[in-house]
Every structure is written in C-alpha cells, then in structure tokens.
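The values are calculated or read from the model by the stated rules, or taken from the named source; none is laboratory data. Owing to the predicted nature of the structure, the values given are computational and were not obtained by experimental measurement. Note that each Cβ is placed from the backbone with ideal geometry, even for glycine, and that neighbours are counted across all protein chains shown.
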Amino acid sequence: MQDSFKNRINKFWKSFSEEEAQIREMMDNKVEGETLISFVDSILKIAFHKAYFEMGINKSGKYELILTPEGDRSKLMQLHYWLQYAPEHLWEKWNFYSAKPGMAGDGWAMRMYDTDLSADNIIIYPEIDDDKNKVNIEVYCPKLIALDESKRYSMFFIFLDQYIGEIYTMEYIGYIDFTDTEHNKSSISITNFKSVIDKIIDNNNWQRFENPTEKYSGYRMEPNENEGWKLREDIFSGYTSCTPLLNDYYNEDNSRLEEAKQDGLFYGFLFFENVNIPRENIVNFRGDIEDKIVAQTTPYGIANSLGGATGFHFSYIDFIIYDFEAFLAIAKAVLSGYDFEEKGYSDFTAQAEPILFN
C-alpha cells in the first residue's frame, strides 16, 4: 500500500533533521550548487515526487529552505501542511517557507530576456476590488511593454514576487493589465506595494492569510435536473478554498489529482442525501457533520475541509486528505450515525466510482 502524505512528511522531517548539519556544512563551504541541490532534492523526494525549491543564507546568518507552489493554490496547501510540521528544534538555525517570501531590498534589479528591470522602471496603478478582496493593478513599464505578452507577464510576476512575496501575489492580486501610457492618477512604486496592500487589508477588514484551506469564496451553479445527472451536478450553491479543484472536476481534468496521489495525497468529497432535511436546516445540518469530522481529523493531521456545497438531492463536504485510510474510517463512523439511504465518498474526478457507505 502506498505511504500516506502524512507519513511521507513525517519521514522527510526525520531525515532532514538527521542530514541538516551536513547541508549547512555544504552551504558554508560553498559546495557546487548542483551537488547541494541534488542532495537536498533527494531528501525532499521522501515527501514530494517533484519539488521546486531555493536555498540560501540570509543576512542574519540563518539557513533558508524555500519551497514554491509555482502559483498553484492546491500545491500551496500541500506545502503549508509540510511547513506546519517542521520540528521546532530546526528553527534555531533554519527558516522554512511554503512560498517565496518578498526579499528584494533597495536597488534590487533583475535581468531576463535581454532586459534589465529595476523598481524605477515600474509604475503601478492600483484598484481595490472589495467584492473579491483583491487588488487589481495596471502597470506602466515601457521595458515590459516592449516584450511579447508571455515574456512580459513572466518577467513581471517574478519581479512582483520578489517585492511582495508569492503568497501575496496569489492571495491578493486580481487582474494585471499593462498600459503604454502614463496616467495622471494615483500611483505607487512597487517598493511600497506590500505596505499598501497591508493597509488595504486592514482598512477593508479582509481576511489575513494564515492557512490556505481556510480562505473561502462562494459560488452558485445551475443544477442539471435531467435524468441521469452525476454527483455534484445537482449543486446550486457552495463555497470553496480551492476553486482550481472545482474547475478541474467539471472540466474532467484529472492531472492535478493524479499528481497529488503520487505523494499519497487525496482530494475528495463526502456526499449524503438531503431530500428529507427541511430546506432551512440543510446548510446548518451539513455544517454539524463537517464539524464532527474536522474535530477528529484536522488536529491530527489527517485532513482539512476545503468547503461544502448544497444540491437538490445531495449535500457535499470537500476535503484535502493527508491520510486516506484514517480519514475514510472516521468519515464512515460519523455518517453511520445518520439514517441516510445514500452516503459515501468520491475522489474529485468526474469519472470516479464512489465508495458507498451503506
């Protein structure tokens, strides 16, 4: 049987704790970069079949291991879990990150695509989208405008991450447009952008980023009421902390789930019939069941809830699952306390055969 993601993470931290002194020695001795990266990658492979990471020593002399989700929210959830279980004794000499932090200082610049870029080259025009808790930006930068679109966005995202950090880019930045005209309206420098975002968050009472599984957005759908509808096609409203997962499900794209399973990680949902529950109680009823399962899983590193949904026949509770066998046993036990004719579990793939609990 494949090892669970939970066990893989535990084994990684045990191995890293045993090898970290050698890693620090290699960094101090400035061992060839490829040798160092290959060695650390071999340890990371205990947890992840594929990991993108950076290493360094900061100005305070602490060693740093920075993993990056590459802009993928579902990957960020996995890395957040990894970070949560970093042993306390390692933090004395190490900093660990689940995404690239903003580290650019005064005068920082980069060169890419034969283009030199510094903060002085960029003017940002921000616009607050309070409905989505995002900051949309228009960017004036002749050097970037001169590049073709894909290179322009690629270079700007790398530059932006250096100043505000990868998590702020993912969580708080909405759309990004480029303009070839300098505007006569309120603008900011990219060097001040993170502090501006912080003020916007505080002034508008936006949720602060702490755990990516707990930052939700609502959605509404048109249910399929035709005969032969499939699981989740009866949904008319819900909320989620991982919209890409829902998009994959309805687009029948399984690549994200198949990749996660290589690490012993599962995305799935519980379903149970709600036709005999009074409409005004459906959401609270689902919430009570979710609370019972979360209380027995989340504190023990077994699973996190990603949201829930209501359909005309089923209610759904979505999860990222770090220990599938333990989760399934708990879910079965909780749902067995209710007299549902139909209840079960399914992977987040439209073609999956559900596991029925009856």
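When A309 is tested against (1) under 15 Å from A331 (Cβ atoms); (2) part of a strand (DSSP E or B); (3) among the small types (G, A, S), only condition (1) is not met.
Give, as residue ranges, the helices (runs of 4 or more DSSP H) completely inside region 91-199 that count at least 2 residues that are within 26 Å of K75 (Cβ to Cβ) and of a type outside the set (S, T, N, Q).
On the way: elements: 142-145, 149-164, 166-172.
By residue number, 149-164, 166-172.
Every listed requirement among (1) touching a residue at least 40 places away in the same chain (Cβ under 8 Å); (2) within 23 Å of E225 (Cα to Cα); (3) surrounded by fewer than 22 Cβ atoms within 10 Å (Cβ to Cβ) is met by F269 save one, (3). Within region 50-80, being in contact (Cβ under 8 Å) with a residue 40 or more places away in the chain, in contact with a Ser or Thr (Cβ under 9 Å, 6 or more places away or on another chain) and not in a helix (DSSP H, G or I) holds for E54, T68, P69, G71. Considering I158, I145, the condition of being in the same structural domain as D114 (by TED's automatic domain parsing) and either under 25 Å from T68 (Cα atoms) or in contact (Cβ under 8 Å) with a residue 60 or more places away in the chain (or both) is satisfied by I158 alone.
Contact map, region 287-316: first residue in contact (Cβ under 8 Å) with a residue 60 or more places away in the chain and within 22 Å of Q84 (Cβ to Cβ), second residue crowded, with 19+ Cβ neighbours inside 10 Å and among the acidic types (D, E), Cβ cut-off under 6 Å, separation 6 or more or different chains; pairs are I302/D323; S305/E290; L306/D318; G307/D318.
Run down E341, E325 and say which single residue is part of a loop (DSSP other than H, G, I, E, B), surrounded by fewer than 18 Cβ atoms within 10 Å (Cβ to Cβ) and among the charged types (D, E, K, R).
On the way: E325 fails: part of a loop (DSSP other than H, G, I, E, B).
Going through E341, E325 in turn, the sole match is E341.
Does at least one position in region 26-49 carry a residue that is small (G, A, S), part of a helix (DSSP H, G or I), in contact (Cβ under 8 Å) with a residue 24 or more places away in the chain and in contact with a helix residue (DSSP H, G or I) (Cβ under 6 Å, 6 or more places away or on another chain)? For region 26-49, residues small (G, A, S), part of a helix (DSSP H, G or I), in contact (Cβ under 8 Å) with a residue 24 or more places away in the chain and in contact with a helix residue (DSSP H, G or I) (Cβ under 6 Å, 6 or more places away or on another chain): absent.
Results for (1) outside the structural domain of I9 (by TED's automatic domain parsing); (2) surrounded by fewer than 16 Cβ atoms within 10 Å (Cβ to Cβ), shown as yes or no for each residue.
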{"residue": "F48", "(1), (2)": "no, no"}
{"residue": "Y63", "(1), (2)": "no, no"}
{"residue": "Y81", "(1), (2)": "no, no"}
{"residue": "E92", "(1), (2)": "no, yes"}
{"residue": "D116", "(1), (2)": "yes, yes"}
